[in-house]
Amino acid sequence: MSHTLRRWILALGVAGLAALFTAAFLELPDFGRGGHPYGDRSVAESLGRHTANVVSAVNFDQRSFDTLGEESILFTAVLGTVVLLRQTRDEDRLPPRPARVDPWVRRYALALLPVALVSGLYVVAHGQLSPGGGFQGGVIVATAVHLLYIGVDYRALERVRPVGPYEVGDAVGEAAYLLLGVAGLVAGASFLANTLPYGTFNTLASGGTVPLLNAAVGIEVASAVVVLVSRFLDQAVEITDADGAGEEAAR
Amino acid sequence: MNGDEVLIAVCLVLVAVSATVAVAVREPARQALVLSVLGLALAALFTVLQAPDVALSQLAVGSALTPLLILLSVRKVRRRGRRTGEDEEAGR
């Protein structure tokens, strides 16, 4: 194909995309406009099921099957990471030496660790009431644990973070979501249907299955992120090529 | 322009600037830092646009997790690179 022809084809494609894009934008509702047909309906549905946070109602009730897919994407991605970043036969494992941490960094990290942990758990538990939920809270919990690595050292982190249980937690969270879906089937409704009593509006025990699904996702995401970071940390800090090249591994 | 629009405009500019810097910076470790600032700017934008759920995700993943994973990967690659560099010198 000649150079000129190729350029014409590109120009045609770009012009077509620009035209479609412009046409699509002209049909969009105005920026920042109040009402939206889908928004109005999902808000009404969410209030009807006593879920104060409409985003959670959409994620874990109205479109909970979507969320199952998203949860599985993370599960599969972490599984892939575990397989790819395992220690191979030509690699050695050298325990890293502890490194000096600035006392102010240490104090800051250690003071913030419980705060971050509680915030994460709070965000998971209040997913049906206020912004956040299993995914956001799970990531906060998982990153909070790693303040130990910044504030103390790698060995302190390893002591509170045996990877095995977190790998189990990852699978348990994923399985719990599926089982809650099957519970809907057993109750005589459809897969992932919200069959529990809806409870009192704006309390922790409201929203039927929404808080339970939230908790399942929270467990899965927190465990998955811990496993993910642990594999990357292993590679960066511990695992070296066979001839002991990683002597300068500080921590 | 009312107050909300000013806030949105400021956040949009912040996002555009930090995203451009993230592309312009070539050094991966620095890029990780800029990405974390970009995550913060995006989180602010989402909050102003009344999407706090998305802002929380952005903050957790974009500002904390992604830079951390990039930094760890950079460290691993550098260590391996240094070693092959030594090997080359020894072989010379």
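The values are calculated or read from the model by the stated rules, or taken from the named source; none is laboratory data. Keep in mind the model is a prediction, meaning the values are calculated, not measured. Ideal geometry is used to build each Cβ from the backbone, glycine not excepted, and the neighbour counts take in all protein chains shown. All accessible areas refer to the heavy atoms of the entire protein, side chains included, with ligands and DNA or RNA removed. Shrake-Rupley method; radii C 1.70, N 1.55, O 1.52, S 1.80 Å.
Below is a table of values for the structure above.
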{"item": "Residue check, A:Glu238 open to solvent by 10 Å² or more (accessible area, probe 1.4 Å), over 15 Å from A:Ala57 (Cβ atoms) and among the charged types (D, E, K, R)", "result": "yes"}
{"item": "Helices (runs of 4 or more DSSP H) contained in region A:23-103 and holding at least 1 residues of a type in the set (D, E, K, R) and free of Cβ contacts under 8 Å to residues at least 40 places away in the same chain", "result": "A:37-48, A:64-84"}
{"item": "Single condition A:Val210 does not satisfy, out of (1) surrounded by fewer than 21 Cβ atoms within 10 Å (Cβ to Cβ); (2) closer than 19 Å to A:Tyr122 by Cβ; (3) of a type outside the set (Ser, Thr, Tyr)", "result": "(1)"}
{"item": "A:Pro98 open to solvent by 70 Å² or more (accessible area, probe 1.4 Å) and not aliphatic (A, V, I, L, M)", "result": "yes"}
{"item": "Test: residue in region A:115-132 that is under 20 Å from A:Gly199 (Cα atoms), more than 13 Å from chain B (Cβ to nearest Cβ), open to solvent by 20 Å² or more (accessible area, probe 1.4 Å) and part of a helix (DSSP H, G or I)", "result": "yes"}
{"item": "Conditions (1) within 14 Å of chain B (Cβ to nearest Cβ); (2) surrounded by fewer than 20 Cβ atoms within 10 Å (Cβ to Cβ); (3) of a type in the set (A, V, I, L, M); number of the one not met by A:Ala205", "result": "(1)"}
{"item": "A:Leu84 vs. criteria in the same structural domain as A:Ala224 (by TED's automatic domain parsing) and surrounded by fewer than 10 Cβ atoms within 10 Å (Cβ to Cβ)", "result": "yes"}
